[in-house]
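Take a look at the structure below.
No lab work stands behind these numbers, since they all come straight from the coordinates. No experiment lies behind these values; they were computed from the predicted model shown. Every residue, glycine as well, gets a Cβ built from its backbone with ideal geometry; the counts of neighbours run over all protein chains shown.
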Amino acid sequence: MLKALHEQNQSVTVGVKLKDVNADAPFDTGLEYGCPARGMWNIVHTGFLVPECHEIFVCASNCLRGVVLTAAEMGTMGQFSTITIRENNVLDGNMEELLIEGTTSIINKLKKKPKAILIYTSCIHHFMALDLELCYKTLRKRFPRIKFTDCYMNPIMRKSGMTPDELMRRQLYSLLDTASKKDNGINIIGNNLTTDDSSDLIRLIKKSKYKLRDITYCKTFAEYEEMSKSKYNIAYLGTAKKGLYDISKKLIQEPIFLPISYDAEIIMDNLKRLANILNVDISNFDFKTSEAMSKLKEAKEIIGDTAIAIDYTFTPATLSLARLLLDNGFNVKKIYIDTISEKEILEDLKERYGNREIVFYPTVNVMMRVNDRRQKEKYFALGQKSAYFTDTRYFVNEVEGGGHYGFDGIKKLAENMIDAYKNEKDTALLIQEKGLGCNCLL
Amino acid sequence: MKQIQTFTSTYTADVSGVPSALYELGGMSIMHDASGCNSTYNTHDEPRWYDSKSLVFITGLSEMEAIMGDDQKLVDDIVKVAKKLKPRFIAIAGTPIPMITGCDIEANAKVIELATGIPTFGINTNGMHSYVEGASEALLHFAKAFVKKNVSKVKNSINILGATPIDFSINGQIEYLTSFLENNGVKVISNFALSCDVDKMILAGSASVNLVVSSVGIKLAEYFQKEFNTPYIVGVPYGDRMKKDLLDKTKKGENTSEVFLSDLSKSYKDEKIHIIGESVTSKSLAKYIYYRYGLTPKVISAVELGNTYHGDIVKDLKVRNEVALEKQDMYIEDEDEIRDTIKNAKVVIADPLYKPIVPDNAIFINNPHEGFSGRLYRKQMINLIKELK
């Protein structure tokens with residue numbers, strides 16, 4: 001008799017002990033699995049940060065399905081349209097015509113014309129060598145009052161060149177024109193989430209003579225356009241770094257990269273560097289260092305030796321966070337991460353904690369589908385994927401660093417850990433919502 | 001203009017139809033795709049993803065592999081995982097880029113089958129057609145590989161064909177239908193393939209009648225008719241009268257030649273009532289409304305039924321339309337054309353994501369369909385087989 005072997009939980013060896021992790025190739029690659037944690041933003045969510053815009057996706061129907069329902073779940077279907085590619089378009093080579101006439105048809109049917117249109121082309125266009133220049137030139141001529149920009153849904157490029165995520169964070173600002181005259185503005189760019197007002201970064205900027213601009217503050221397209229007047233651009237997420245330099249070059253602005261970190265020395269270096277650029281006197285500035293460390297100590301007293309799991313969606317500085325927690329006595333046991341960019345920190349962790357039972361796990365490896373999620377002990381998780389994989393209801397539900405930064409970010413982290421440790425959550429409900437922080441109609 | 005959705009959604013695609021149909025059958029479904037198909041499938045097309053561990057993966061196709069035509073990597077990666085996980089079968093579904101690069105999915109499947117000894121199906125989806133194509137092809141492959149030949153017919157017995165969550169969600173409709181049939185003396189041999197039992201599916205050839213509950217089941221019904229001489233009836237029994245019809249026709253067994261649905265055309269009056277959706281479920285609803293209220297809605301079948309990768313498009317469409325639809329009904333996929341067709345409608349019954357193209361003065365009745373709006377309105381989905389009287 002046939003038995004459904006796949007339904008059985010299997011205890012499989014997927015993880016790699018910290019001391020054995022190879023930073024360049026931590027895990028086997030091959031077929032990939034997608035776990036049901038959906039809080040990370042996708043290119044639809046990010047595109048809608050441009051106020052008063054309309055998104056048009058051009059692709060085969062299987063690709064359109066995911067993005068159109070992202071928009072539907074956000075409640076933004078009124079600003080979202082699609083153009084379906086069929087075999088005849090591939091064979092006839094009329095991709096340009098389909099895009100131009102399709103976009104024209106959509107615009108003509110919209111009662112309220114958008115200020116900007118983000119057109120997302122896809123892998124097929126890349127392979128068919130679509131003449132994008134012709135498409136945009138024609139559309140700009142037909143609709144001179146609407147600004148158009150090129151966005152991309154081309155996951156086939158995620159292993160070569162800029163990833164779709166990096167590209168999206170750059171193209172988000174491609175609707176800005178170079179301003180000949182700059183003002184005393186300073187932009188934070190490349191974030192989906194608003195940086196906390198209480199963060200050291202924002203407080204420092206507000207102490208300066210500079211006016212802060214961020215796409216997450218913009219309610220109108222005119223406000224968004226003001227960003228081109230700023231003198232400086234700041235980015236702190238790794239996925240925004242390439243875009244930071246490209247945008248700054250195009251808009252003739254000064255790029256400042258202040259990478260997110262949980263390391264006191266790096267945080268302080270970043271803030272001092274910024275203070276120097278903005279000419280802010282920090283001799284009496286309260287960086288909240290002791291407040292942060294005191295709150296972290298309080299969290300440790302409450303959480304004790306409970307096993308902790310962290311994943312890469314919680315913060316891009318995943319290993320920096322792991323080191324902070326280990327250095328402060330927390331019992332970090334599992335780290336879910338597919339690729340490792342913080343190589344120096346990994347080597348440091350190996351040297352100092354290599355004898356501990358800390359195991360690294362992939363999230364996309366197919367064996368994670370059958371790996372038994374049930375744990376022998378209680379787990380406390382930082383991030384949605386680690387909450388799913390450790391099957392816990394106690395987790396901090398944040399993505400992409402949560403908009404926290406600096407010492408204030410560490411304080412917020414500790415506060416959130418205390419709250420999450422004390423209050424259980426409905427993991428299945430929360431982590432399946434798309435785009436944490438966006439509207440979700442589910 | 002065709003191929004444009006200015007205001008509405010798009011239906012689940014063929015590539016998602018494959019794993020959806022095979023989800024509970026103990027196999028391993030692989031979408032030959034870069035990324036995106038997996039999250040679309042397991043977020044919007046697969047309500048069982050969180051709680052059960054079916055093996056559905058992507059190949060993670062890269063630009064370089066596509067350009068170089070590196071099918072060996074596809075084969076090696078699948079063989080490696082198959083040897084570890086030992087699925088009952090392997091199904092490989094194509095997506096747009098493999099279609100463009102001319103990847104021979106069926107040949108690769110044969111190579112994998114030889115290397116693993118596991119039955120392997122290459123399904124030529126390309127992400128450009130509806131779930132009906134992918135799901136029906138997938139079930140057909142499964143039936144050809146696993147359903148036993150030379151079995152004796154069981155009198156007054158039935159298979160339910162074409163049940164997937166894409167058309168029936170997970171709100172107990174198929175379970176209720178099964179209980180209803182069993183409680184009324186009809187033995188349910190198997191169901192293809194929602195809340196199903198694989199060991200019973202291999203005995204599907206013994207059923208005296210097949211019941212097709214969605215377009216997904218039509219190809220399978222044709223196969224069973226040809227191979228096992230099993231007649232089929234088409235429709236979802238909404239309401240008491242349709243349930244009675246179903247029992248009567250099932251009991252006729254091998255002699256039945258009547259298609260359950262198609263008898264509204266003589267009574268049809270243009271009452272400006274439109275049902276938009278998948279053809280079999282929509283037509284069944286139309287028939288329920290006729291029985292219950294004496295009204296004859298027109299069905300707009302918006303889910304593509306065609307089959308472009310097996311040749312005869314026109315013939316295939318004709319067969320399926322004849323099975324599911326009548327002359328007053330229409331097969332329209334394009335948003336503009338649907339909008340134009342319903343511009344004078346008095347009542348429209350459709351998924352809520354169609355609402356933006358429904359005239360303001362028409363009465364709009366929500367009928368959420370996972371195949372169109374995914375999980376968005378799942379909580380509002382009613383077990384129509386149970387609740388309609």
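If exposed GluC sites (Glu not before Pro) are those in a DSSP loop with at most 15 other Cβ within 10 Å, what is the longest stretch of chain A that has none?
Formally, the longest exposed-site-free interval is A:1-356.
If I take R0 = 45 Å and measure r between the Cβ atoms of residue A:88 and residue A:182 in this structure, what FRET efficiency does the formula 1/(1 + (r/R0)^6) give, to the nearest 0.05?
That pair, residue A:88 with residue A:182, gives E of 0.35.
With +1 assigned to the C-beta of every Lys and Arg and -1 to the C-beta of every Asp and Glu, and no other charges, what is the dipole magnitude of the protein assembly as shown about the Cα centre in debye, to the nearest 20?
Approximately 1400 debye in magnitude.
Nearest 5 is fine: what % of DSSP beta bridges in region B:84-208 come out antiparallel, could you say?
Roughly 0 percent of the beta bridges in region B:84-208 run antiparallel, per DSSP.
How shielded is B:24-31 by partner chains, expressed as the average number of their Cβ atoms within 10 Å of its Cβ atoms?
Mean partner-chain Cβ count within 10 Å for B:24-31: 3.
Taking the alpha-carbon centroid of each part, what is the distance from region A:299-329 to region A:350-412 in angstrom?
Between the Cα centre of region A:299-329 and that of region A:350-412, the gap is 8 Å.
Would you mind computing, in nm to one decimal, how far apart the modelled labels at residue B:152 and residue B:334 are, each placed 7 Å from Cα along Cα→Cβ?
Going by the 7 Å Cα→Cβ label model, 5.7 nm.
If you plug each phi of region B:186-191 into the Karplus form 6.51 cos²θ - 1.76 cosθ + 1.60 with θ = phi - 60°, what whole-Hz ³J(HN,Hα) values come out, in order, with x for Gly and Pro?
Karplus values, whole Hz, x for Gly and Pro: 9, 7, 8, 5, 7, 9.
About the Cα centre of region A:185-278, what is the dipole size in debye to 20, counting +1 per Lys and Arg Cβ and -1 per Asp and Glu Cβ, all else neutral? Walk me through the intermediate numbers first.
Details: 15 positive and 12 negative charges, 75 e Å.
Value, rounded to 20: 360 debye.
Amide H of residue B:121 versus every other amide H placed in the peptide plane: which residues, excluding those fewer than 5 positions away on the same chain, fall under 5 Å?
Placed amide hydrogens put B:90, B:91, B:92 under 5 Å from residue B:121.
Only Cα pairs under 8 Å and at least 6 apart count here; give the relative contact order of region A:23-163 as a rounded whole percent. Numbers along the way, then the final one.
Values: 149 pairs, mean separation 33.6, N = 141.
Once divided by the residue count of region A:23-163, the mean separation gives 24 percent.
What full-extension length gain, to one decimal in nm, is calculated for residue B:241 and residue B:51 as 0.36 nm per residue of separation minus the Cα-Cα distance?
Values: separation 190, 0.36 × 190 = 68.40 nm, distance 3.61 nm.
Extra length from residue B:241 to residue B:51 when fully extended: 64.8 nm.
Using only Cα atoms, find the angle between the long axis of helix B:313-324 and the longest principal axis of chain B, and express it within 0 to 90 degrees, rounded to the nearest 10.
So the inclination is approximately 50 degrees.
What are the semi-axes of the equivalent ellipsoid for chain A, taken as the square roots of 5 times the Cα gyration tensor eigenvalues, largest first, in whole Å?
The equivalent ellipsoid of chain A has semi-axes of 38, 31, 18 Å.
Which of the cysteines in chain A are isolated, no other cysteine C-beta under 4.7 Å?
A:35, A:53, A:123, A:135, A:151, A:218, A:438, A:440
Which cross-chain or sequence-distant (5 or more) residues have an amide H under 5 Å from the amide H of residue A:159, H modelled 1.01 Å from N in plane?
B:63
In the neighborhood of residue A:73, defined by Cβ-to-Cβ distances under 12 Å, what is the net charge if each Lys or Arg adds +1 and each Asp or Glu adds -1?
On the way: positive: A:38, A:434, B:375, B:378; negative: A:433.
With Lys, Arg at +1 and Asp, Glu at -1, the neighbours total +3.
About the Cα centre of chain A, how large is the charge dipole given +1 on each Lys and Arg Cβ and -1 on each Asp and Glu Cβ? Please answer in debye to the nearest 20.
980
Over chain B, what is the mean sequence separation of C-alpha contacts under 8 Å (at least six apart), divided by residue count, expressed as relative contact order in percent?
Relative contact order, chain B: 18 percent.
As I understand it, the value is the acute angle between the Cα axis of helix B:71-85 and the longest principal axis of the Cα atoms of chain B; what does it come to in degrees, rounded to 10?
Its long axis makes an angle of about 80 degrees.
Taking 0.36 nm per intervening residue step and subtracting the Cα-Cα distance, what contour gain separates residue B:83 from residue B:252 on full extension?
Using 0.36 nm per residue and subtracting the Cα-Cα distance, I get 56.2 nm.
Just for the protein assembly as shown, what percent of DSSP beta bridges are antiparallel, to the closest 5?
10
Which whole-Hz ³J(HN,Hα) couplings does region B:143-148 yield from phi under the Karplus relation 6.51 cos²θ - 1.76 cosθ + 1.60, θ = phi - 60°, glycine and proline marked x?
4, 4, 7, 10, 6, 5
Could you give the angle, 0 to 90 degrees to the nearest 10, between helix B:173-183's Cα long axis and the longest principal axis of the Cα atoms of chain B?
70
Taking every residue in A:148-159, how many Cβ atoms of other protein chains lie within 10 Å of its Cβ, on average?
4
Normalised by the number of residues in chain A, what is the relative contact order in percent for Cα pairs under 8 Å and 6+ residues apart?
So the answer I get is 23 percent.
Can you list residues whose amide H is under 5 Å from residue A:306's amide H, if they're 5+ apart or on another chain and H is modeled 1.01 Å from N?
none
Just tell me how shielded B:6-17 is by partners: mean number of partner chain Cβ atoms within 10 Å of each residue's Cβ, no decimals.
For this peptide, the per-residue mean of nearby foreign Cβ atoms is 6.
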